[in-house]
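Taken together, the values in this text are just the output of simple stated rules run on the coordinates, not laboratory data. Not measured: the values here are computed from a predicted model. Cβ sites come from the backbone with ideal geometry, for glycine too, and all protein chains shown count toward neighbours.
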Amino acid sequence: MTRSVKVSEIIKDVSLEIISGHDYLDREIKISDLSRPALELTGYFSYYPYDRIQLFGRTEISFMEKMTEDERLIVMRRICHEETPALLVSRGLQPPREFIQAAEEAQIPVLKSENPTTRLSSNVTNYLESRIAARLSVHGVLVDIYGMGVLITGDSGIGKSETALELIQRGHRLVADDRVDLYMLDEHRIVGEPPEVLAHLIEIRGVGIIDVINLFGVGSIRTSKTVNLVVDLKMWGKEVQFDRLGSADESNRYFNVDIPKISIPVRTGRNLAIIIEVAAKNFRAKQMGYDAIETLNKNLEQLIKKNSVIDDED
């Protein structure tokens, strides 16, 4: 199913102003990319992406000011396609009269922002990508641990929410409990957020629903977080093999992005919150180039060399 955002929503969420077209704010935006008309202003429309928000900056507006009134009106009428969701002007610039006239004729809203063109483009694109991108719901808990998004997965009842609660008590922040909605921010990043109905709520069996903000304050939650690590909780058993050295190269693929994964055995007496906290620290250390396995290997090499010298002396 194609997701979309209404123009009225982006006005509110990105703090845009309305120049004209107050009656047309229910138009839908279905593509996150923006278009900056360039060749179109010269009359070339062979590959015009008419179904995107059309962004006009200082370059475009100054070019239009050098055109005649008739030229501006002709070009703007072609730019204002029936599927164009909105026209957006940056830097608080005032577009020409023909600009507004063509937009009114096509019933397209004209918006503006005081932000520079590049920043405005980035803000609007990021917002639309987060709203329009395809979603994937995952059963698990997402927690911000030392600035890293840790997605805790595992079978129902294994203790994911209880572990998240202890992590919150230790100063970390909850993003989502029970169900995590994932979307692809770019080619390398997956972002997780809670469904609107479950935001800042956590369920603890035997206690019920807990409002994390009321109990721990607003500093105990995040509305979204990039997923950096997956921690999969599995019941311990003699027949189940676990990586003891941390050298296994596991990952979970969401959309087209592989997220590193570690599997942690669950058994009575283990403090999962502390283990996951240390796992996050250790993962970050590896990213920074510090690997405990390399230290172990060096120690073993030194021990072997030392024993070889002793054998030679004997």
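Under conditions of 10 °C and 1.306 mPa s, the range 10-49 yields 125 µm² s⁻¹ as its translational diffusion coefficient, taking Rh as the Kirkwood radius over Cα pairs in the Stokes-Einstein equation.
Estimated from the Cβ-Cβ distance and a Förster radius of 22 angstrom, the FRET efficiency linking ASP23 and LEU185 is about 0.05.
Relative to the current alpha-carbon distance between GLN302 and ILE31, full extension at 0.36 nm per residue lengthens the span by 91.7 nm. Strictly greater than 22 Å: what percent of every Cα pair in the range 1-144 meets that? Percentage above 22 Å: 37. Using the average count of surrounding beta-carbon atoms within 10 Å as a protection proxy, the listed peptides 137-144, 14-21 rank, highest first, as 137-144, 14-21.
Here the chain has an Rg and Dmax of 27.2, 101 Å, counting Cα atoms alone. Taking 0.36 nm per residue of separation and subtracting the Cα-Cα distance, full extension of the segment from LYS281 to SER122 would add 54.1 nm. For the range 188-224 and the range 108-179, what is the separation of their C-alpha centers, rounded to whole Å? Spelled out, the Cα-based centre of one part sits 10 Å from the other.
For GluC sites (Glu not before Pro), the sites in the range 160-191 that DSSP calls loop and that have at most 12 other Cβ atoms within 10 Å are GLU187. Rounded to the nearest 10 degrees, the inclination of helix 272-287 to the longest alpha-carbon principal axis of the chain is 70 degrees. Give the aspartates and glutamates whose C-alpha is closer than 19 Å to that of LYS66, dropping any in the same chain fewer than 8 places away, or say none. Within the straight-line limit of under 19 Å, LYS66 reaches these aspartates and glutamates: GLU40, GLU98.
For the range 68-155, the set of chymotrypsin sites (Phe, Trp or Tyr not before Pro) satisfying both a DSSP loop assignment and a count of at most 14 other C-beta atoms within 10 Å is given as TYR146. DSSP finds beta bridges in the chain, and of those with both partners inside it, around 60 percent are antiparallel.
Taking the longest Cα principal axis of the chain as reference, the axis of helix 160-169 is set at about 80 degrees.
Straight-line cross-link partners of LYS160 among the lysines, defined as a Cα under 25 Å from its Cα and at least 8 positions apart when in the same chain: LYS225, LYS234, LYS238, LYS261, LYS281, LYS286. Just so you know, the Cα atoms of the range 189-240 work out to an Rg and Dmax of 14.9, 43 Å.
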